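To keep things clear, I will list the structure first and then write my remarks on it.
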Amino acid sequence: MKISKLLLIAFGISLFVSCSNDDDNSNDPKGVYDNGFFILNEGSAGQGTVSFSSDDFSVFTKDTYTAANGSDLLGKYAQNIFFNGDNAYIIAGGSNVINVVNRYTFKLIAKIDTGLKNPRYGVVKDGKAYVTNANTYADWGASADAPGNTDDYVAVIDLATNKYESKINVNATANRIIEKDGKLYITEPYNSDKLSIVNIAAKTVETAVTIGLSADTMEEKDGVLYILRGPYGSRSEIVKVKLSDKTTSKITFPEALDGAGFLDIYNDKIYYTVYNSVYGISTTATAASTTPIVTVSAIANLYGFAVNNDRIYLADSGDYKADSKAYIYNLTGTLQKELTVGVGPNGFYFNN
């Protein structure tokens, strides 16, 4: 009888340990939107939306924010998503708001709606978010020192409280942003030929690096910043900025590649787009490839691009009035999935 009781106790302990281990399995999904990717839809005159697909395409939600938050509005002209821990921060530039949600359930946590004026892109460093703000806009053709071309700033947000804390004046225009080793690197494609540099600790602007007009998308790898330029009527190029000494070099594209649009780096390879075609070269290459990996004839206006998880992600803005499409290809250019998403899809964000 005593032996039977001991066996029963041992079995119970074993079952408890087994269940506890299952509960602690780090591979278990953290929510319905784990193990997949978001497509940010800018919207037009209406509200922006966020679509979601699981990595295996078995789960798709066209409007995750509404599904999670009912009648609450995301805001106009959804611009960018950035992450910190379990939270996602969705910038709606047309409404001067950042929606803070749980990145796995998309339930609203807070709205940051002070200290922002036409917010664009954000990064995180040591518990603070740094968000570029376009502030006011100068008239087309205005001089570089016109007020609308010198009043952009970086909003500093305390992520512990989700409150605006302060701002850093860039004294130039500001758009895309990357953080590396305590410094912010900022490009703006329309009115600036400079790479702006902000020292976070000192909250000061350092000497800018001249990179040329129409510099927009950029990536950092191994201490080098790769910046794509696509100036109208001139040669496109990739400008490389060595961050240790700010020296530059470039890969100038042939005329056949005029109008380059987006750049991403994945597994030591630079991927770039020209209209609806995608090309790839090694990060050590000295010349551009003119042979596309894939050309998507269905795309009218390529508006979002990323390379991740051995896939190429492309978004078509369409006419900015109706729901549009996202296309996912493998790295050799074979279509994996076509998704119907919201209006004006402009970016992909990976939630793994």
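The values are calculated or read from the model by the stated rules, or taken from the named source; none is laboratory data. From a predicted model like this one, the values you see are computed outputs, not experimental measurements. Here the Cβ positions follow ideal geometry from the backbone for every residue, glycine too, while neighbour counts run over all protein chains shown. In case anyone asks, the SASA skips ligands and DNA or RNA and just uses the protein heavy atoms, side chains included. Shrake-Rupley method; radii C 1.70, N 1.55, O 1.52, S 1.80 Å.
Per-residue accessible area (protein heavy atoms, 1.4 Å probe) orders TYR164, TYR89 as TYR164, TYR89, starting from the largest.
Note: relative contact order over segment 251-296, using C-alpha pairs below 8 Å and six or more positions apart, is 33 percent. Within straight-line reach of LYS30, meaning a Cα separation under 15 Å, sit the following aspartates and glutamates at least 8 residues removed in sequence or on another chain: ASP22, ASP55, ASP86. With the charge dipole of the chain set up from +1 on Lys and Arg Cβ and -1 on Asp and Glu Cβ about the Cα centre, the Cα lying farthest toward the positive end among the listed residues TYR327, ALA144, ASN99 is that of ASN99.
Sparsely packed loop sites in segment 285-352 (the trypsin sites (Lys or Arg not before Pro) outside DSSP H, G, I, E and B with at most 15 other Cβ atoms within 10 Å) comprise LYS321. Note on GLU165: accessible area approximately 80 square angstrom, rounded to 10, probe 1.4 Å, nucleic acids and ligands left out. Taking all protein chains together, PHE106, PHE83 sort by accessible area into PHE83, PHE106, largest first [probe 1.4 Å]. Ligands, DNA and RNA excluded, the heavy atoms of LEU335 present near 80 Å² of accessible surface to a 1.4 Å solvent probe. For the chain, the 222 nm mean residue ellipticity estimated from helices alone, with every DSSP H stretch of n ≥ 4 adding -39500 (n - 2.57) and the total spread over all residues, rounds to -2500 deg cm²/dmol. Principal-axis analysis of the Cα atoms of the chain puts helix 2-23 at an angle of about 10° to the longest axis. The mean sequence separation of alpha-carbon pairs under 8 Å and at least six residues apart, normalised by the residue count of the chain, gives a relative contact order of 12 percent. The radius of gyration of the Cα set in segment 209-280, together with its Dmax, comes out at 11.6, 35 angstrom.
Rounded, prolate or oblate: which one fits segment 144-186, using the alpha carbon gyration tensor with axes a ≥ b ≥ c (rounded when a/c is under 1.5, else prolate when a/b beats b/c, else oblate)? Oblate, because a/c is 1.5 or more while a/b does not exceed b/c. Each listed q (0.15, 0.19 Å⁻¹) maps to a log10 I(q)/I(0) for segment 137-253, found by the Debye formula over equal Cα scatterers with no solvent: -0.68, -1.03.
About the centre of its Cα atoms, segment 22-88 shows a dipole size close to 540 debye [charges on the beta carbon of Lys, Arg (+1) and Asp, Glu (-1) only; nearest 20 debye]. Solvent-accessible area assigned to carbon and sulfur over segment 207-352 amounts to 46 percent, based on a 1.4 Å probe. Over segment 214-276, Cα pairs under 8 Å with separation of 6+ residues give a relative contact order of 28 percent. With a threshold of 23 Å on the Cα-Cα distance, the over-threshold entries among LYS163/LYS203; LYS128/LYS203; LYS76/LYS325; LYS163/LYS183; LYS128/LYS325; LYS183/LYS242 are LYS128/LYS325. The accessible-area ordering, largest first, of the residues ASP323, ASP158, ASP56, ASP126 stands as ASP126, ASP56, ASP323, ASP158, per a 1.4 angstrom probe.
Dipole magnitude for the chain: computed about the Cα centre from +1 point charges on Lys and Arg Cβ and -1 point charges on Asp and Glu Cβ, it is near 400 debye. Computed about its Cα centre, the charge dipole of segment 199-352 is approximately 160 debye, with only Lys, Arg, Asp and Glu carrying charge at their Cβ. Which of VAL278, LEU159, ALA215 sits closest to the plus end of the dipole of the chain, meaning its Cα is farthest towards the positive end, when Lys and Arg get +1 and Asp and Glu get -1 on the C-beta? Comparing the listed Cα positions along the dipole, LEU159 ranks first.
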